[in-house]
Amino acid sequence: MLGWVLIEEGRTADALTHLGAASARASRAGDAVAEANALIVLALARAALGDVEEAAQGCERAVELARRRRLDRGEARPAAPRPAPRGRRPLAPGPGHGDRGPGPGRPTDTADVPRILLLIVQGEALLGLGDEAGGIGQLDLAARQAESSGYEDGAVRALGALLRVSADADLRARYDAAVARLTQRT
């Protein structure tokens with residue numbers, strides 16, 4: 001919590017110190033959820049300071065902790081996507097459809113790739129921790145940014161992760177289109 005407050009106050013460097021300590025304490029205590037949460041917020045702080053590579057590594061560690069926790073509790077990954085919960089609006093098509101400039105089927109703007117990857121691993125970590133709304137939000141943002149920048153690998157990964165938690169037909173169509181663009185490229 002203190003890490004979030006410090007980030008919001010613009011004291012991101014101070015947040016790094018507190019979040020690193022929080023992650024280490026949670027790890028020593030064997031609290032995988034607290035450690036993963038601290039790692040996600042720590043990743044946001046690192047990304048804000050421009051260290052996207054280290055931020056992505058922290059998120060990957062959070063995903064690993066979440067997966068291990070799920071397995072320790074005897075939970076398995078769902079075999080089939082769940083239908084979208086009642087009241088949830090279908091996700092709209094990503095940007096870049098019908099406009100000019102970067103977008104599906106166009107060259108990737110590589111400057112966007114690290115940020116998109118960070119969003120993907122954050123989304124995966126949040127889903128693994130049981131924060132479905134937060135995970136879906138991060139993955140949807142990642143998918144939209146990947147689609148708009150022409151980063152088909154990222155679009156496929158983000159949309160594939162979304163499909164594991166939602167059987168939305170529009171998501172399926174976006175995923176299939178991204179896979180088709182990716183396979184045409186290779």
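Can you tell me which residues in the stretch 123-165 are within 10 Å of the chain's Cα centre (by Cα) and closer than 18 Å to Q184 by Cα?
If the condition is that a residue be within 10 Å of the chain's Cα centre (by Cα) and closer than 18 Å to Q184 by Cα, then R157 is the only one that fits.
So if I check each of R28, R68, R11, which one is modelled with pLDDT of 85 or more and open to solvent by 70 Å² or more (accessible area, probe 1.4 Å)? Break it down stepwise before answering.
Details: R68 fails: modelled with pLDDT of 85 or more; R11 fails: modelled with pLDDT of 85 or more.
When all the criteria are applied, what remains is R28.
What number goes with the only condition from (1) modelled with pLDDT of 80 or more; (2) farther than 29 Å from A180 by Cα; (3) open to solvent by 60 Å² or more (accessible area, probe 1.4 Å); (4) of a type outside the set (K, R) that E60 does not pass?
That leaves (2) as the condition not met.
Out of A146, A133, report the one residue that is in a helix (DSSP H, G or I) and either open to solvent by less than 20 Å² (accessible area, probe 1.4 Å) or hydroxyl-bearing (S, T, Y) (or both). Show your work before the answer.
On the way: A133 fails: either open to solvent by less than 20 Å² (accessible area, probe 1.4 Å) or hydroxyl-bearing (S, T, Y) (or both).
Selected residue: A146, the only one of A146, A133 that is in a helix (DSSP H, G or I) and either open to solvent by less than 20 Å² (accessible area, probe 1.4 Å) or hydroxyl-bearing (S, T, Y) (or both).
Can you tell me which of D112, D140, D51, D153 is charged (D, E, K, R) and at pLDDT below 80?
Numbers: D140 fails: at pLDDT below 80; D51 fails: at pLDDT below 80; D153 fails: at pLDDT below 80.
After ruling out the rest, the residue left standing is D112.
So which residues in the stretch 33-57 are among the small types (G, A, S), closer than 21 Å to L6 by Cβ and buried (at least 20 other Cβ atoms within 10 Å of the Cβ)? Let's see the steps before the verdict.
Within the stretch 33-57, the first condition is being among the small types (G, A, S), and the residues that meet it are 34, 36, 38, 43, 45, 47-48, 50, 55-56.
Restricting the remaining residues to those that are closer than 21 Å to L6 by Cβ gives 34, 36, 38, 43, 45, 47-48, 50, 55.
Once the filter is applied, which keeps residues that are among the small types (G, A, S), closer than 21 Å to L6 by Cβ and buried (at least 20 other Cβ atoms within 10 Å of the Cβ), the stretch 33-57 yields A36, A38, A43, A45, A47, A55.
The values are calculated or read from the model by the stated rules, or taken from the named source; none is laboratory data. Remember, it's a predicted structure, so these values are computed and weren't measured experimentally. Here Cβ is always computed from backbone atoms with ideal geometry, including for glycine, and neighbour counts include all displayed protein chains. These area figures cover heavy atoms from the full protein model, side chains too; ligands, DNA and RNA do not enter into them. Shrake-Rupley method; radii C 1.70, N 1.55, O 1.52, S 1.80 Å.
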